[in-house]
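Reviewing the structure listed below.
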Amino acid sequence: MLENKLSRDDALKEQYQNFMTEYETLGHMQLVTDHEHSLTLCYHLPHHAVVRDDSTTTKVRVVYDASCKTPGGPSLYDALMVGPIVQQDLRSIMMRTRTRPIMMIADIKQIYRQILMDERDTPLQRIVRRTTRDAPMQTFELIAVTYGKASAPYLATRVLKELANDECEHFPQAAAVLITDFYVDDLCSGTTTVEEAIQLRTQLDALLRKGGFELRKWASNEPQVLEENRVLLSTVDLNCT
C-alpha cells in the first residue's frame, strides 16, 4: 500500500526517502543481516508517510503502527504496559505559566529518537523497506524509542525526570523546570524578570544537552530573551482578545 501511494506522488516519495535515509544516517535505525533475522523473535512495524503542511520543520513524517495485530495474536501495542504519568497535567502547567510576566516556550527536537532502547528489545521494532520496486527488500531495527507504541510517552518523560534528578546539583533552576513545566517534549514556563529568563534558558539548554537533547523553536513575549541567542526567532503575544 505504501509503495502504491508513493508511486502516485513523486514529491511525497522523495520526501519519504529523504526521511528514511536521515533516520538511518543518524543511527536511529540499523540494517539487520539475514543471520540475525533468522535467529531472533521479532515484530515488524507497518509504517506510512504522513504529510503535515502546518509543520515548520519536517513536512513529511513516517508513522509506525504498533497497533497492527499479529496473525492469531495481539499487537505490540497491546502487549506493552502504558506506564504511569510522571509529568503534571497540561492545564496546571498553562495556568501557572500565565501568572508570570515573562513567558517562554520551546520543544525538544526528536525526543523519542534520542532515547536508545535496550538491544534485547529492538527486534520488536523492525521494519522492511526498499528504495525502489526493483531493489531487494531490507530489514531494519529501530534502535530508539518509537512513536506509536503505548509505552513511548512514559519512556520519554521518565528519561527527562531522571535527567533532572541526575543534574539537579549542577542546574538547579533548570532541573526544577524540567520536572514541573514540561508536557512531554514541550516547555511552557516563565519568570519574573528578563535576567531570570535568560539564566533559565541558558541552564535548560545546558541541562538538556547533558542528555543528548536539543531545545528548539524558542519563543517569548519578551524580545530581550530572544535576542540573547540567534536561534531564538519567534515571539509570543499574550494579549487576550
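The values are calculated or read from the model by the stated rules, or taken from the named source; none is laboratory data. All values derive from a computational prediction rather than experimental measurement. Here the Cβ is made from the backbone with ideal geometry for all residues, glycine too, and neighbour counts use every protein chain on show. All accessible areas refer to the heavy atoms of the entire protein, side chains included, with ligands and DNA or RNA removed. Shrake-Rupley method; radii C 1.70, N 1.55, O 1.52, S 1.80 Å.
Assorted remarks:
- Taken as a whole, the condition of being open to solvent by 20 Å² or more (accessible area, probe 1.4 Å) and not charged (D, E, K, R) does not apply to residue 160.
- Annotation: of all residues in the stretch 1-31 being open to solvent by less than 70 Å² (accessible area, probe 1.4 Å) and in a loop (DSSP other than H, G, I, E, B), the one that is modelled with the lowest pLDDT is 9.
- Residue in the stretch 105-135 that is most open to solvent (accessible area, probe 1.4 Å), counting only those that are basic (Lys, Arg) and in a loop (DSSP other than H, G, I, E, B): 120
- Between 217, 161, the distinction of being outside any helix (DSSP H, G or I) and closer than 26 Å to residue 91 by Cβ belongs to 217 only.
- Evaluation of residue 93 against (1) under 21 Å from residue 23 (Cβ atoms); (2) surrounded by 15 or more Cβ atoms within 10 Å (Cβ to Cβ) (one fails), failing number: (1)
- Breaking point among (1) aromatic (Phe, Trp, Tyr); (2) more than 30 Å from residue 8 (Cα to Cα); (3) surrounded by 18 or more Cβ atoms within 10 Å (Cβ to Cβ), for residue 140: (2)
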